[in-house]
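Notes for the one structure printed next.
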Amino acid sequence: QKEVEQNSGPLSVPEGAIASLNCTYSDRGSQSFFWYRQYSGKSPELIMSIYSNGDKEDGRFTAQLNKASQYVSLLIRDSQPSDSATYLCALKGPSASKIIFGSGTRLSIRP
Amino acid sequence: DAGVTQSPTHLIKTRGQQVTLRCSPKSGHDTVSWYQQALGQGPQFIFQYYEEEERQRGNFPDRFSGHQFPNYSSELNVNALLLGDSALYLCASSLGPPRVWTGELFFGEGSRLTVL
């Protein structure tokens, strides 16, 4: 079982709609969770971090964490063509100093 | 505020050769992590350097080695290159000792290595 699992997509969402990206993880001891956005040919950019159960909102982005279900999600409201990218779910374990990434979900916003 | 810088941006090597990649962390950051990203995959952790020591290592062979200098910059060395080493090599910087680090990473633009 992979440590971080994501649907590779592509996920196609119409402009203006809500895009929902999901991620599951295997290590129950994981404490810190992140969403990175990576445009084609570019490096990953941190867009959200979440450390406790519940929702965290930042502009059009909302991260959701459910540690009991080992599930992290990212919602993008009012999707724009500029949101088209690969979204990487990542986590940091309780004792490890490394960040583990999922394989990413490709998101395409269609006009 | 200077971000993370990496060099070279692109390079081509042949099997069996050796390569050195360089990274300067974001201003004020003292920790450097290296990742390998194959096409269509997420970044895979290679190792992390803090206080000039390797603090943690991923599942990579000893052909992959690194170094951190007193000014916090870092090098990644790969010996005896294989075709499978072709990838984007990403350097990421962060602040603080790994045991209290929040986990946020700031990436450079990467070095794309092609092995022929």
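The values are calculated or read from the model by the stated rules, or taken from the named source; none is laboratory data. Bear in mind the structure is a predicted one, so any value in this text is a computation, not a measurement. Ideal geometry is used to build each Cβ from the backbone, glycine not excepted, and the neighbour counts take in all protein chains shown. Ligands, DNA and RNA are excluded from the accessible area calculation, which covers all protein heavy atoms including side chains. Shrake-Rupley method; radii C 1.70, N 1.55, O 1.52, S 1.80 Å.
Residues are listed down the side, and each one gets a yes or a no for (1) in contact with a Gly (Cβ under 9 Å, 6 or more places away or on another chain); (2) part of a loop (DSSP other than H, G, I, E, B); (3) within 30 Å of B:L113 (Cβ to Cβ):
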residue: A:G16; (1), (2), (3): no, yes, no
residue: A:Y36; (1), (2), (3): yes, no, yes
residue: A:S40; (1), (2), (3): no, yes, yes
residue: A:S43; (1), (2), (3): yes, yes, yes
residue: A:I47; (1), (2), (3): no, no, yes
residue: A:V72; (1), (2), (3): no, no, no
residue: A:S82; (1), (2), (3): no, no, yes
residue: A:L88; (1), (2), (3): yes, no, yes
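Okay, residues lined up against (1) out of contact with any strand residue (DSSP E or B) (no Cβ under 6 Å at 6 or more places or on another chain); (2) free of Cβ contacts under 8 Å to residues at least 60 places away in the same chain; (3) open to solvent by less than 70 Å² (accessible area, probe 1.4 Å):
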{"position": "A:G16", "(1), (2), (3)": "yes, no, yes"}
{"position": "A:F33", "(1), (2), (3)": "no, yes, yes"}
{"position": "A:Y39", "(1), (2), (3)": "no, yes, no"}
{"position": "A:K42", "(1), (2), (3)": "yes, yes, no"}
{"position": "A:E45", "(1), (2), (3)": "no, yes, no"}
{"position": "A:I50", "(1), (2), (3)": "no, yes, yes"}
{"position": "A:G59", "(1), (2), (3)": "yes, yes, yes"}
{"position": "A:A68", "(1), (2), (3)": "yes, yes, no"}
{"position": "A:L74", "(1), (2), (3)": "no, yes, yes"}
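Selection of segment B:59-116 for residues being open to solvent by less than 10 Å² (accessible area, probe 1.4 Å) and among the small types (G, A, S) yields B:S74, B:A87, B:A92, B:S93, B:S94, B:G103, B:G108, B:G110, B:S111. Taking segment B:20-53 as the range and being open to solvent by 40 Å² or more (accessible area, probe 1.4 Å) and within 12 Å of the chain's Cα centre (by Cα) as the test, the residues that pass are B:R22, B:S24, B:Q44. Scanning segment A:71-104 for residues that are more than 10 Å from chain B (Cβ to nearest Cβ) and closer than 26 Å to B:Q36 by Cβ returns A:V72, A:L74, A:S84, A:A85, A:Y87, A:P94.
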